[in-house]
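A.B. asks: The following block contains the structure, expressed as structure tokens.
The values are calculated or read from the model by the stated rules, or taken from the named source; none is laboratory data. For clarity, every value in this text was computed on a predicted model and none was experimentally measured. In this analysis, Cβ positions are derived from the backbone assuming ideal geometry, glycine residues included, and neighbour counts consider all displayed protein chains.
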Amino acid sequence: MKQPFDPVFFDRGDPIWYYKGRADQQFRGFYHWHQCCEILLVHEGRGTVIVNQVAHEIRRGMMFFFQPYQLHNVHADVSMNHPYVRTVIYLDPIMTASLLTGFPRRSERFRRMWQEQSAQVAYDLEALMQQVEWLYDHAYERMQKADSAEDWTMFMLQLVQHLERAADSTAAAEALSVNTHRPLRYAEAIMQWIEQHYAEDFSLDRLADEMHLSKFYVSRVFRLETGSSITDYVTARRMKQACRLLRTTTLPVERIGIEVGLPNVSYFIAVFKKIVGTTPLKYRSGD
């Protein structure tokens, strides 16, 4: 299992671009989070993005905005005939927010995007893709020549405007729909069960029984729909909660282990170090 905490190191706070990255062979997604915001724009591809126990379709025109420390998984189905092409931008939200302070409406929209717990994650920009790709191409070209706060500010102002339009269109479409909720995939139901029980001693038998499925089928369908195992997801979810408790509370390490379903403190510390890359106490102190 890869480390779910995937830190991004900024140079002076400048955004980091991974521009039109292409994958046409195996693409193994994994559950992870960053200390910064991530914007993912899909140019081509198919697959699934998992965030907040919800599965979203990967296809051209989909954009995803991940908040700091938001657990997510990108699982792309790739081949030579069906590549996965995407642009990823990592940004420091505090730096970006400071640049937008002179634009109250867009600044408030951006604040909600990166701070509110119920903020929208997925945006369908298919109808706006020509304008959005032009915006990306133009901004990337300019920012490769010179790191410019002005260019980044203009890019974010225009991008937030596109996202406002997409959000308004989505809300209108849902208001007209008789049934706006599609049936849950098995993986989503499994993740919702884990969300309620990850602080307990995990039992695949119990999960399968409550899902009215066999253990084999539960494991198989979760991997098919998300690209990873149930065990990896449970571990990532526990470690994310442990990180949150270490940073936001003064609870002792032993108690945090209990809170995330790992009451054996030695085992909890070993798992934390393997997954996060450091010990709980060093993580808490910021070392």
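A.B. asks: For the structure I just gave you, tell me whether VAL265 is in contact with a Gly (Cβ under 6 Å, 6 or more places away or on another chain), more than 27 Å from PHE216 (Cβ to Cβ) and modelled with pLDDT of 95 or more.
C.D. replies: On the way: in contact with a Gly (Cβ under 6 Å, 6 or more places away or on another chain): yes; more than 27 Å from PHE216 (Cβ to Cβ): yes; modelled with pLDDT of 95 or more: yes.
Yes.
A.B. asks: Looking only at the range 132-148, count every residue that is out of contact with any Phe, Trp or Tyr (no Cβ under 7 Å at 6 or more places or on another chain) and among the small types (Gly, Ala, Ser) and tell me the total.
C.D. replies: Of the residues in the range 132-148, 2 are out of contact with any Phe, Trp or Tyr (no Cβ under 7 Å at 6 or more places or on another chain) and among the small types (Gly, Ala, Ser).
A.B. asks: Show me the strands (runs of 3 or more DSSP E) entirely contained within the range 60-115 in which 3 or more residues are buried (at least 20 other Cβ atoms within 10 Å of the Cβ) and outside the structural domain of GLN161 (by TED's automatic domain parsing).
C.D. replies: Strands (runs of 3 or more DSSP E) meeting the threshold: none at all.
A.B. asks: Considering only the range 120-161, state which residues are outside any helix (DSSP H, G or I) and within 13 Å of MET63 (Cβ to Cβ).
C.D. replies: GLN120, VAL121, ALA122, TYR123, ASP124, LEU125
Each row is one residue, and each column tells you yes or no for (1) modelled with pLDDT of 95 or more; (2) among the β-branched types (Val, Ile, Thr); (3) within 23 Å of the chain's Cα centre (by Cα).
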position: ALA127; (1), (2), (3): no, no, no
position: GLN158; (1), (2), (3): yes, no, yes
position: SER169; (1), (2), (3): no, no, yes
position: LEU213; (1), (2), (3): no, no, no
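The rows are residues; the columns are (1) assigned to a helix (DSSP H, G or I); (2) crowded, with 21+ Cβ neighbours inside 10 Å.
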site: TRP193; (1), (2): yes, no
site: GLN196; (1), (2): yes, no
site: PHE202; (1), (2): no, no
site: ASP205; (1), (2): yes, no
site: PHE222; (1), (2): yes, yes
site: THR231; (1), (2): yes, no
site: ALA236; (1), (2): yes, yes
site: ALA242; (1), (2): yes, yes
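A.B. asks: On to the next question. Please tell me if THR153 is crowded, with 16+ Cβ neighbours inside 10 Å and either within 18 Å of the chain's Cα centre (by Cα) or touching a residue at least 60 places away in the same chain (Cβ under 8 Å) (or both).
C.D. replies: Spelling it out, it is not the case that THR153 is crowded, with 16+ Cβ neighbours inside 10 Å and either within 18 Å of the chain's Cα centre (by Cα) or touching a residue at least 60 places away in the same chain (Cβ under 8 Å) (or both).
A.B. asks: I'm trying to understand the selection: among the residues of the range 244-286, which are touching a Lys or Arg at 6+ places or on another chain (Cβ under 8 Å), among the β-branched types (Val, Ile, Thr) and buried (at least 21 other Cβ atoms within 10 Å of the Cβ)?
C.D. replies: VAL260 - this is the single residue of the range 244-286 that is touching a Lys or Arg at 6+ places or on another chain (Cβ under 8 Å), among the β-branched types (Val, Ile, Thr) and buried (at least 21 other Cβ atoms within 10 Å of the Cβ).
A.B. asks: Same structure, new question: Is there any pair with a first residue in the range 254-272 that is part of a loop (DSSP other than H, G, I, E, B) and a second that is charged (D, E, K, R) whose Cβ atoms are under 7 Å apart and which are 6 or more apart or on different chains, and what are they?
C.D. replies: VAL260/ARG238; GLY261/GLU200; GLY261/ASP201; GLY261/ARG238; LEU262/ARG238
A.B. asks: Can you list residue pairs whose Cβ atoms sit under 8 Å apart, with the first residue in the range 49-76 being in contact (Cβ under 8 Å) with a residue 12 or more places away in the chain and the second being basic (Lys, Arg) and crowded, with 19+ Cβ neighbours inside 10 Å? Count only pairs 6 or more apart in sequence or on different chains.
C.D. replies: Final answer for the pair search is TYR69/LYS240; LEU71/ARG237; LEU71/LYS240.
A.B. asks: Oh, and also: Is at least one residue of the range 76-94 within 18 Å of GLU164 (Cβ to Cβ) and polar (S, T, N, Q)?
C.D. replies: No: the range 76-94 contains no residue that is within 18 Å of GLU164 (Cβ to Cβ) and polar (S, T, N, Q).
A.B. asks: Next question, about the same structure. If you go through the range 238-260, how many residues are touching a helix residue (DSSP H, G or I) at 6+ places or on another chain (Cβ under 6 Å) and within 20 Å of ASN52 (Cβ to Cβ)?
C.D. replies: 4
A.B. asks: What do you reckon, is TYR283 among the aromatic types (Phe, Trp, Tyr), assigned to a helix (DSSP H, G or I), free of Cβ contacts under 8 Å to residues at least 60 places away in the same chain and under 24 Å from GLN67 (Cα atoms)?
C.D. replies: Details: among the aromatic types (Phe, Trp, Tyr): yes; assigned to a helix (DSSP H, G or I): yes; free of Cβ contacts under 8 Å to residues at least 60 places away in the same chain: yes; under 24 Å from GLN67 (Cα atoms): yes.
Answer is yes for this residue.
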